[in-house]
Amino acid sequence: VTSFIKNSDQILILKRSEKVRSMKGLWSGVSGMIENNENPLDRAKIEIFEEIGLVEKNIELLKSNPQTKIDSPQYKNHTWNIFPFLFQAETLEIKLNWENSEFVWIDPNEIVNYETVPALKEILFNLL
């Protein structure tokens with residue numbers, strides 16, 4: 001799952017820490033792996049709480065898109081199956097866990113100024 005958090009006209013992006021297994025140092029949305037056939041929306045909400053400290057009552061689902069396949073340049077012959085979500089939050093206060101080292105609120109058009117995980121810009125603009 002990959003989730004974007006929107007506040008006013010800004011979008012939250014996170015810089016993946018050096019402690020994660022993949023895509024170290026790249027900017028992304030709130031993301032995580034689906035476990036044990038769980039519902040993608042449920043996993044998105046869990047990841048939002050774990051990675052940025054926002055509980056379900058403080059976010060509102062604005063949009064979800066169908067699963068999309070993204071080729072990964074980091075791994076030969078590997079495709080990620082992404083479930084994209086866009087949430088609204090009323091707060092700018094974020095509490096990062098170990099998975100990300102930085103965060104920034106940006107205008108969506110500024111995403112081109114960041115080195116991101118594959119296809120992040122396309123996933124974002126398909127949600128907006």
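Can you tell me which residue is modelled with the lowest pLDDT among those in segment 46-105 that are over 20 Å from Ser22 (Cα atoms) and touching a Ser or Thr at 6+ places or on another chain (Cβ under 7 Å)? Filtering segment 46-105 for residues that are over 20 Å from Ser22 (Cα atoms) and touching a Ser or Thr at 6+ places or on another chain (Cβ under 7 Å), the one modelled with the lowest pLDDT comes out as Asn58. Screening the candidates Ala119, Ala89 for the property of being of a type in the set (Gly, Ala, Ser) and in contact with a helix residue (DSSP H, G or I) (Cβ under 7 Å, 6 or more places away or on another chain) yields one hit, Ala89.
Of the residues making up segment 5-38, those that are at positive phi and in contact (Cβ under 8 Å) with a residue 60 or more places away in the chain number 2.
Put simply, of Lys24, Lys57 the only residue that is under 21 Å from Asn113 (Cα atoms) and not in a strand (DSSP E or B) is Lys24.
When segment 5-14 is filtered for residues that are out of contact with any helix residue (DSSP H, G or I) (no Cβ under 6 Å at 6 or more places or on another chain) and surrounded by 20 or more Cβ atoms within 10 Å (Cβ to Cβ), the ones remaining, listed by number, are Ile5, Lys6, Leu12, Ile13, Leu14. Return yes when Lys57 is free of Cβ contacts under 8 Å to residues at least 24 places away in the same chain and surrounded by 12 or more Cβ atoms within 10 Å (Cβ to Cβ) and no when it is not. So Lys57 does not fit the description; no. For segment 85-103, filtered to residues that are open to solvent by less than 40 Å² (accessible area, probe 1.4 Å) and either part of a strand (DSSP E or B) or in contact with a Lys or Arg (Cβ under 6 Å, 6 or more places away or on another chain) (or both), the residue that is nearest to Lys15 (Cα to Cα) is Asn100.
The values are calculated or read from the model by the stated rules, or taken from the named source; none is laboratory data. The shown structure was predicted, so the numbers you read here are calculated from the model rather than taken from an experiment. As a convention, Cβ positions derive from the backbone with ideal geometry for all residues, glycine included, and neighbour counts pool all protein chains shown. Ligands, DNA and RNA are stripped out before the accessible areas are found, and what is left, the full protein with its side chains, is counted by its heavy atoms. Shrake-Rupley method; radii C 1.70, N 1.55, O 1.52, S 1.80 Å.
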